[in-house]
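A short write-up of the structure that comes next.
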Amino acid sequence: MLTIEHLALSYLLPTGKELPALQDFNLTINPGQMLGLVGESGCGKTTLCHVLTKSLPYHGSITFEGTELKALTDTKAYYAQVQYIFQDPKSTVPPHMNLEHWALAPLKNLKGMSPRQAQSLIQRLMTEVGLDPELLTRKPSEVSLGQLQRLSLIKSLALEPKLLLCDEITSALDPKSTQLCLELLTDYVRRTELSVLFITHDLNTALTWCPHVAVMFKGQILEQGPAAELKHPYLQSLKHAAQVLAGLQAPAPPVNGAPTVTCPMKQERLCPWLMRCSKVQDQCLTQKPKLRPLSSEHQICCHVA
């Protein structure tokens, strides 16, 4: 459904230098798949969303439903099929706007529904997920973040999209609201062919709710596969950090790159995790690993894993 190959994008700094945001980025999302994308802040996750919403130019190939993204000319139809849910729902609603106007707008503009048809559909969906339709009469400051984020999800799901981009959508929510949003998403994925790219820096959330996970670092994918089978050293480091924060393990000793060997090449030409990896071997210092298959559903970019 969505195939990304050798995607690259750099930002131009005021100094004239280029800052790479995505580098040789490769990712595949299948129909009906909820794929978690995890990585540190600043690794390029949100930039990827901006590319997929046709907001930024890029180098490489992005194929959606068999068509290269650059060749798509019917933008309106594309936005009906690819929806973007933001981290902070209140940033997407003008503070003075009635929530009903905000929630109904996509159905009227992208699906051509009448105001009455759109209102009926949104109210029905709200009732199904335990939201009072009376919320539509309020303004964003008069509802909780959890309520607004669930309404944001409903607003997008009502369009029956094929791909939903969820960018840190639970990071500002309390645990109960987080669970309600994730239950809504997973239930919809089970009942339809919706594909979800669930972007998060919360590894535990991704591993718990997403059957498949992709691990991202410094603008590229280091591993993609079943959540229970991931083995990249970076992923293991993230798991250990989560255990340390939870008080379940002691911190690991610091790693100062390749312990006893001087790296003979510029690091950007090698593995991006090299200088923080505790499993460095000689091959890691001379050759950049490529994304290679471990199975039909599992790919990894690592010499030693």
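The table below lists the values:
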item	result
Solvent-accessible surface (1.4 angstrom probe) belonging to Leu12, in square angstrom, nearest 10	130 Å²
Per residue value of the accessible surface for the chain (all protein chains in place, 1.4 Å probe), Å²	50 Å²
Rel. contact order, % - alpha carbon contacts under 8 angstrom, at least six apart, the chain	21 percent
Rounded to the nearest 10 Å², the accessible area of Met113 at probe 1.4 Å	60 Å²
Selection of trypsin sites (Lys or Arg not before Pro), segment 1-65, meeting DSSP coil and at most 10 other Cβ within 10 Å	Lys17
Cα-based Kirkwood hydrodynamic radius, the chain, one decimal, Å	20.9 Å
Using alpha carbons only: equivalent-ellipsoid semi-axes of segment 73-178, gyration tensor based, whole Å	21, 17, 13
Farthest positive-ward along the chain dipole, Cα basis, beta-carbon charges - from Ala214, Ser144, Ser120	Ala214
Distance (nanometres) between label positions extended 7 Å along Cα→Cβ at Lys176 and Asn98	2.9 nm
Distance (nanometres) between label positions extended 7 Å along Cα→Cβ at Arg292 and Leu145	4.3 nm
Nearest-10 value in Å² for the accessible area of Arg269, using the 1.4 Å probe	150 Å²
Accessible surface ranking that places the most exposed of Asp132, Asp282 first, with a 1.4 angstrom probe	Asp282, Asp132
Residue among Val129, Gly36, Cys181 farthest towards the positive dipole end of the chain, charges placed on Cβ	Gly36
Residues Thr208 and Asp132, FRET efficiency given R0 of 30 Å [Cβ-Cβ distance, rounded to 0.05]	0.55
Rounded percent of accessible protein surface that carbon and sulfur make up, segment 74-124, 1.4 Å probe	51 percent
CD proxy at 222 nm, helix term only [per DSSP H run n ≥ 4: -39500 (n - 2.57); per residue of the chain; nearest 500]	-9000 deg cm²/dmol
Tilt relative to the chain, helix 175-191 - C-alpha long axis, 0 to 90 degrees, to 10	80 degrees
Cβ-Cβ FRET estimate between His201 and Ser120, R0 fixed at 41 Å, reported to 0.05	0.60
Segment Ala8-Lys279, length gained on full extension (0.36 nm per residue, minus Cα span)	94.8 nm
Scattering curve values for segment 85-145, log₁₀ I(q)/I(0), Debye with Cα scatterers, q = 0.20, 0.23, 0.24, 0.26 Å⁻¹	-0.81, -1.05, -1.12, -1.23
Acute angle (nearest 10 degrees) that the helix 115-128 long axis makes with the longest principal axis of the chain, alpha-carbon atoms	60 degrees
Normalised alpha carbon radius of gyration of segment 1-98 [divisor 2.2 N^0.38 Å]	1.21
Bins of 10 Å from zero: percent of alpha-carbon pairs in segment 167-230	19, 52, 28, 2
Nearest-ten-degree value, helix 145-157 long axis tilted from longest Cα axis of the chain	80 degrees
Label-point gap, in nm, between Ala242 and His59 - each point 7 angstrom along Cα→Cβ	3.5 nm
Entries of Lys90/Lys239; Lys76/Lys218; Lys70/Lys162; Lys111/Lys139 with Cα pairs more than 26 Å apart	Lys90/Lys239; Lys76/Lys218
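The values are calculated or read from the model by the stated rules, or taken from the named source; none is laboratory data. Just so it is clear, the model here is predicted, and its values are computed rather than measured. Here Cβ is always computed from backbone atoms with ideal geometry, including for glycine, and neighbour counts include all displayed protein chains. Heads up: the accessible areas ignore ligands, DNA and RNA and are worked out on the full protein's heavy atoms, side chains in. Shrake-Rupley method; radii C 1.70, N 1.55, O 1.52, S 1.80 Å.
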